[in-house]
1. Pull up the range 88-112, narrow it to residues that are of a type in the set (Asp, Glu) and farther than 14 Å from residue 37 by Cβ, then point me to the one that is nearest to the chain's Cα centre (by Cα).
2. Under 8 Å between Cβ atoms, which residue pairs at least 6 apart in sequence (or on different chains) link something in the range 99-113 that is in contact (Cβ under 8 Å) with a residue 12 or more places away in the chain with a partner that is small (Gly, Ala, Ser) and surrounded by fewer than 24 Cβ atoms within 10 Å (Cβ to Cβ)?
3. Where in the range 5-69 are there strands (runs of 3 or more DSSP E), lying fully within it, with 1 or more residues that are surrounded by fewer than 22 Cβ atoms within 10 Å (Cβ to Cβ)?
4. Which of the residues spanning the range 8-43 are farther than 22 Å from residue 59 by Cβ and touching a residue at least 24 places away in the same chain (Cβ under 8 Å)?
5. Has the range 132-141 got any residue that is assigned to a helix (DSSP H, G or I), among the hydroxyl-bearing types (Ser, Thr, Tyr), surrounded by 14 or more Cβ atoms within 10 Å (Cβ to Cβ) and free of Cβ contacts under 8 Å to residues at least 60 places away in the same chain?
6. Within the group 150, 144, 120, which residue is surrounded by 13 or more Cβ atoms within 10 Å (Cβ to Cβ), assigned to a helix (DSSP H, G or I) and at pLDDT below 95?
7. For the range 70-79, what are the residues that are touching a Phe, Trp or Tyr at 6+ places or on another chain (Cβ under 8 Å) and in a helix (DSSP H, G or I)?
Amino acid sequence: MSEQSRYQVRFDFGYAGATAVGEDADVIVWVDALGDSTVDIDALPERGAVITTCLANSRAAAEWVMAEQLRLGKRFATAVIAAGDLRDGHFRYAVEDHLAAGSVIDRLSELGLDATSPEAATAQEAYRRLSGAVGHLMTASVSAVNGTDAPTEARSVNPRATPEDVRVLRSF
């Protein structure tokens with residue numbers, strides 16, 4: 001049993017967080033807002049599907065989760081993981097990933113998946129409260145200042161993105 005296992009929607013940061021909340025999850029949603037890092041699938045729990053998303057496709061990722069849940073006819077445990085970044089070889093919190101993860105969680109909630117951990121609810125509320133400023137926050141973040149500025153199209157949710165736009169790294 002993993003941390004937050006009593007919740008359908010879970011949230012944490014980085015590979016350690018994926019292990020902590022995703023060991024018994026049906027799907028891991030790896031959230032890299034800028035889409036600028038490679039996912040080490042071998043560092044993720046071996047169970048379940050793995051998808052990756054950026055801010056632009058964040059809501060489509062949630063729709064993918066719901067479509068798969070309906071297709072398979074069972075309730076899913078979903079671990080939403082903010083990728084974070086590295087600083088001198090160590091994990092660094094990345095605000096853009098936190099907000100993009102909140103966008104995924106917000107859409108999951110809108111779709112009816114509301115057995116949400118306190119950690120996931122906090123990321124969701126951060127996104128909701130700051131949604132009008134997400135683009136600015138991404139350009140003013142440490143990542144942007146350090147040269148990983150988000151292209152304009154990556155600074156907001158793409159309302160035309162569909163589940164087919166989601167990158168599946170490991171399917172069911």
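1. 106
2. Cβ pairs passing all conditions: 99/126; 102/126; 103/131; 105/121.
3. Qualifying strands (runs of 3 or more DSSP E): 49-53.
4. 14, 15, 16, 19, 23, 24, 40, 41, 43
5. Yes: one or more hits.
6. When all the criteria are applied, what remains is 144.
7. Selection gives 72 alone.
Here is a yes/no grid of residues against (1) in contact with a helix residue (DSSP H, G or I) (Cβ under 7 Å, 6 or more places away or on another chain); (2) modelled with pLDDT of 95 or more; (3) more than 22 Å from residue 5 (Cα to Cα):
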site: 35; (1), (2), (3): yes, no, yes
site: 38; (1), (2), (3): no, no, yes
site: 76; (1), (2), (3): yes, no, no
site: 91; (1), (2), (3): yes, no, yes
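The values are calculated or read from the model by the stated rules, or taken from the named source; none is laboratory data. What you see is a predicted model; the values in this text were computed from it and never measured. Virtual Cβ from ideal backbone geometry, glycine too; neighbours counted across all protein chains shown.
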